[in-house]
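Report on the structure given below.
The values are calculated or read from the model by the stated rules, or taken from the named source; none is laboratory data. Just so it is clear, the model here is predicted, and its values are computed rather than measured. For neighbour counting, all protein chains shown are included, and Cβ atoms are generated from backbone atoms with ideal geometry for every residue, glycine included. The area values use the complete protein model at the heavy-atom level, side chains included, leaving out ligands, DNA and RNA. Shrake-Rupley method; radii C 1.70, N 1.55, O 1.52, S 1.80 Å.
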Amino acid sequence: MSNKALKRTILGTIFLVLSILYTVLFSPHATIRLLDSYDMLFHLNRVNSLGNILVSPVNFNYWDHVGNFTSVFYPWFTLSPGYLIFKMVSDPIISFLIFLTLITFLTFISSYYFMAKFSKDTLQAFLFSILYTLSFFRVASVFYRVGLAEYISYIFIPLIFYAFAEILSGNFNKWPLFATGLTLTVLTHPLTAFITVIMLIPLVILVIFSKVSHSFRYWGQLIWAGVQSIILVIVASSGFILPMIEQKRALATNRPALLDLAQMAQKPMDLFNNALHTDVRSYSIGIISLLTIVLIVIFIWKDKFSYRLVAIEGLLALVLSTNLFPWHLVQNTFFNLMQFPWRFLNMVTFFFAIYLSHILAKLMKNRSSLTKLSVLVLMTVACGSQVYLSGMKVNSQPSPFATVTSKNADQKIKSFHQEDYYPVQSLPYSDEIKSHKFVINDKKVKVPFETTANTYSIKYYSKNAVKMDIPVLFYKGIKVSINNEVVSPKISERGTVEIKTAQGQNNIQIQYYYTKIARVSMAVSVVGFIILIWLLFNNGHWSFRKLLKDS
């Protein structure tokens, strides 16, 4: 085995051990508690309902059996490894912990790999991976707020900013790598992609002060790289974007809570005070990031241009997370989809981790290997202690233990009810729908039903034909059959499926299929990914010449 391969094996083993320890520090009590929370059950439904996702946007066995369309409005692509883990392990608690371990491990690997390529410094890469992956805000993201999609999206942030830094430096053939990272983020958590794009804009403006940008050719190539990236991101993401737009155009759906951005933004003094503690419920940056601000003030004045940009980006993200930014001015724009300005704190953590690892590596440059190792160990212990103390804080809360166990987990997950992405006209009738009440000739009754992943089935006998309002949400792409004959359903006053039965026995079956637009857009996404993979191998060139030359 070569020295390089040996080093990679050792690093991989270290990261895997840290990933396991990181997850175990919060288990079993914190995880068991969280399993009974709204957010946890929401994501467990998302993962477990993926069994039939390639043939239908609805899994009738989940989401309380009402035909919820969450998978169309919330991307699922990067959750699929979680589904495989859940099916192999069966126990949702253990499966969730294994999935978190995998996500943490991949974050370590991504952080190390792309920082090593960016800085050309192994020590800095290792320090950054520790600081970013074990950061205080990531702990809050998953173990308190259970933001599983955001947690996964953090894997791609180092990739995106490395590729974008290369592009800004004049290495324009890195645009396919940038487009790939941004596409994966869009297909994981669109809000994180939106925040990431916001943080890219200042870099484009600030690069004006770099000598590399002082030519018209540079800006022409930069714009062309940007245009190609945007087109490929849209193409590769179309399998999520177009079906969502189609459903939104077909009927008004309930969006996630609309919150006051100014009110949700952090107060600077509260952010500072909370950083001194280990309570993840505060959504703060932690004491290590707080100390980084001090180092920025000391070192930024004589630092490299690239690291000045990093420091400025971190401070800018910090301001955007607080009410220092006039959030009330954008409250009635698409910015309100963000809900919580403190989502920018992950960007703060990211840029501060880059800067702190840079300064530590710089200070250790001419030191002995033993001293460098000591710094690595000390930083790992410091970050690990922050995680441990945060875990103890969560576990010491007086809230009762959750009632989710291996025995009742399946029932708890399948019966979980939430109203995000409901048809708006269904909201006033949510309790009726949740209680599975049918409306037959304007009379509310209970009717037995059965579900499989793809079908919702009813057996109903009536001497006369009746008008039946079924507690299944009505979206585009529905197919209803009675006694194996397809009928045309209507949308009821409740925003549910309404049909007219036949006389006598009625074997009613409801299914959902992807519409033509959805199927075509998913095919386009596949083509987009194939093109991206081709361009990655072909170093950003569209022609075959480069590949043939290299071969």
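List of remarks:
- Karplus-derived 3J(HN,Hα) values for the range 327-333, using 6.51 cos²θ - 1.76 cosθ + 1.60 with θ = phi - 60°, are 4, 5, 6, 10, 4, 9, 10 Hz; glycine and proline are entered as x.
- Applied to the range 457-463, the Karplus parametrisation 6.51 cos²θ - 1.76 cosθ + 1.60 on θ = phi - 60° returns per-residue 3J(HN,Hα) values of 10, 9, 10, 9, 10, 8, 5 Hz, with x for Gly and Pro.
- At least 30 Å along the helix axis (C-alpha) and Kyte average at least 0.5, DSSP helices within the chain: 3-24, 92-119, 216-250, 369-395, 516-537
- Spatially, the range 274-322 and the range 415-485 are offset by 52 Å when compared through their Cα centroids.
- Built amide H within the under 5 Å cut-off of Gln266, gap 5+: Thr322, Asn323, Trp342
- The apolar share of the surface of the chain, taken as the fraction of accessible area on carbon and sulfur atoms (1.4 Å probe, ligands and nucleic acids excluded), comes to 65 percent.
- Under 5 Å between amide hydrogens, built in the peptide plane, is the criterion, and for Val487 it picks out Val480, Ser481, Ile482 among residues at least 5 positions away or on other chains.
- Placed amide H near Tyr422: partners under 5 Å, 5+ positions off or other chain: Asn254
- Those aspartates and glutamates that a straight Cα-Cα span of less than 15 Å connects to Lys516, excepting residues fewer than 8 apart in one chain: Glu246
- Where trypsin sites (Lys or Arg not before Pro) fall in DSSP loop in the range 102-162, at most 13 other Cβ within 10 Å: Lys120
- Cross-link pairs Lys174/Lys372; Lys4/Lys302; Lys444/Lys479 - those with Cα-Cα distance over 28 Å: Lys174/Lys372; Lys4/Lys302
- Integer Hz, Karplus 6.51/-1.76/1.60 couplings in order for the range 53-58, x for Gly and Pro: 5, 7, 10, 8, x, 10
- Contact order, relative form, for the range 6-147: 26 percent (alpha carbon pairs under 8 Å, 6 or more residues apart, mean separation divided by residue count).
- Relative contact order (%) - the chain, alpha-carbon pairs under 8 angstrom, separation at least six: 21 percent
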